[in-house]
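Any read-out appearing in this document is the output of simple, stated calculations on the displayed coordinates, not a laboratory observation. Since this is a predicted model, take the numbers as computed values, not measurements. Cβ placement follows ideal geometry from the backbone for every residue including glycine, while neighbour counts extend to all protein chains displayed.
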Amino acid sequence: MKKNILFATLVAGLINLTSCEKSKGKCELIAAKIIRYDCDRVIFQLLTPEHLGDSNWRDVQTGIRYENVVYYRNTCKIAALTKGGLDTLYVNVKKSYDASILTDCVQCEALSQNPPQSMVNFVEISKSPCLTAASEQ
């Protein structure tokens with residue numbers, strides 16, 4: 001009887017420990033859907049109730065309106081992850097963007113058609129909601 005109670009306590013403790021570790025992971029990334037690639041930026045819709053980007057932004061190429069839209073300047077980093085697809089990525093957003101941050105590739109300087117006003121830096125970028133060892137940073 002004591003062995004059964006000890007075993008049940010041990011199992012309950014292990015379950016509790018594993019569930020705590022999952023909640024401590026970096027699962028606080030925001031889903032960011034790519035709307036379009038421009039020459040010098042990638043335009044995203046942040047899928048979060050927190051208002052971080054432009055509200056009621058209109059994509060002049062499609063006529064579709066979006067909420068919570070931002071742009072990110074490192075087109076090469078995003079294209080390397082998505083191969084140019086309109087994927088949803090998971091990001092940690094830094095609202096105050098330092099425009100002096102250099103990208104890791106050559107980018108054109110053409111003007112974007114009606115870009116959103118909200119520029120961001122993504123501190124972390126992943127293809128999955130929780131960062132793993134294989135995720136991009």
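If we count every other residue with Cβ under 9 angstrom of N114's Cβ, Lys/Arg +1 and Asp/Glu -1, where does the sum land? Its environment carries a net charge of 0. Taking amide H as placed 1.01 Å from N in the peptide plane, the amide H of S118 sits under 5 Å from that of D54, Y71, each at least 5 places away or on another chain. Between K83 and Y37, the simple spin-label model (points 7 angstrom out along Cα→Cβ) gives 1.2 nm. For segment 77-86, backbone phi angles converted through the Karplus equation (6.51, -1.76, 1.60; θ = phi - 60°) give residue-by-residue couplings of 5, 5, 4, 5, 6, 9, 6, x, x, 8 Hz, Gly and Pro being listed as x. The alpha carbon radius of gyration of segment 30-126, expressed as a multiple of 2.2 N^0.38 Å, is 0.98. Annotation: extensible slack from C76 through Q117 equals 12.7 nm (criterion: 0.36 nm per residue apart, minus Cα-Cα distance).
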